[in-house]
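Written out below as structure tokens is the structure these notes cover.
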Amino acid sequence: MKLGKSVTQRFIPLALATAMLFSPFNTSKACTGARQNAMGDAGVANCDNSHAIYWNQANLSKMERPEISYTKQFGELDEARYDDVVSFVSPITKRLGIGVQLMNGSKGSLEEKGWNDKESWIKAGLGYLLKDGGNDSWSYAIGGALTQKTIKNTNLNQDNQEIKREKEGLQYEASVSAKRKNLFAEGDNLSLGILARQQIGIERDNLAVRPGASYTIPNNLGDLTTSFEFYEIDELFREEIGKDYAKPRLGLEQTLGDNFALRAGYDGAGGEGKGVFTGGAGLKYKNFGLDIAFTDKNVGWVELSWKF
């Protein structure tokens, strides 16, 4: 039996992604996408690449081709948790898309800090397009994901002995995306997104919500995109407000033609809740992409992507 081209394009990349995850590329930690990192982590309404599996699974319904990406973090490990991740997404039908993401994370050093936290997860999700509004009406999509998480904590006691603890649990996510083209000007694009997650058995078990908006308008240089979101506004309704939560995120991107982009942003939840400024750039060549991102806290990311 001869496999069709569409079958090969959709399922062989998944095998490649799995192979990469268990290869020497899989180091200590993970990242959520260099483009989003460079834009202040404001990604819930501004993610049309392989990291839609993390930011807003509803956008998986808009994937036109399979894509795989690998992102590597460098810099100060105590300032960020996600450093090394492989993401894979693919369209299944004109309205349905799927995604898979695997990650390992680490924060802190036993030798320098006396403690170390390690986190790993496997995430699988899908997105479905409810309505395609074309160029003159709203498009709506829904999505969701299930994540298996493992967290390991190691601390040194007064006798320099290691005290280890391990927790496992699940995370459920549901997301909605709404998009409108040519709303205020010819060629513009307004995107609205919201993601809700519930963790069970790990870290905070409360319901968390991330709403956001993104607006793109063409100009003489290319396209200018502004993206905004609130990070986990659930903490506004709790008696104890976490320092890392209910924080604004803002991102800007200016493309220069079809193959280059400059980015900047502010992540109010970064830097242990004190806020960080971000920046970066992106380069495309045919089906390949190279993206870099950095913060003012000595943290950076490099990402390679490939569309099949």
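The values are calculated or read from the model by the stated rules, or taken from the named source; none is laboratory data. All values reported here derive from a predicted model rather than from experimental measurement. All Cβ positions, even for glycine, are placed from backbone atoms using ideal geometry, and neighbour counts span all protein chains on display.
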(request) Determine if the stretch 100-113 includes at least one residue that is modelled with pLDDT under 85, over 14 Å from Phe308 (Cβ atoms), among the acidic types (Asp, Glu) and assigned to a loop (DSSP other than H, G, I, E, B). (result) yes
(request) Give the residue, chosen from Gly193, Gly143, Gly127, that is in contact with a Pro (Cβ under 9 Å, 6 or more places away or on another chain), at pLDDT 95 or above and part of a strand (DSSP E or B). (result) Gly193
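Yes or no, residue by residue, for (1) surrounded by fewer than 16 Cβ atoms within 10 Å (Cβ to Cβ); (2) polar (S, T, N, Q):
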| position | (1), (2) |
| --- | --- |
| Asn157 | yes, yes |
| Gln161 | yes, yes |
| Tyr172 | yes, no |
| Val176 | no, no |
| Glu186 | yes, no |
| Ile200 | yes, no |
(request) Show the residue pairs that are 6+ apart or on different chains and have beta-carbon atoms under 6 Å apart, the first residue being within the stretch 67-92 and closer than 17 Å to Gln36 by Cα, the second being of a type in the set (Lys, Arg) and modelled with pLDDT of 85 or more. (result) Glu67/Lys307; Asp84/Lys72
(request) Identify, from the list Lys274, Lys286, Lys307, the residue that is basic (Lys, Arg), within 22 Å of Phe88 (Cα to Cα) and exposed (fewer than 15 other Cβ atoms within 10 Å of the Cβ). (result) Lys286
(request) From (1) at pLDDT 95 or above; (2) more than 11 Å from the chain's Cα centre (by Cα), pick out the condition that doesn't hold for Gln57. (result) (2)
(request) Could you tell me whether Ala30 is modelled with pLDDT under 90 and not in a loop (DSSP other than H, G, I, E, B)? (result) no
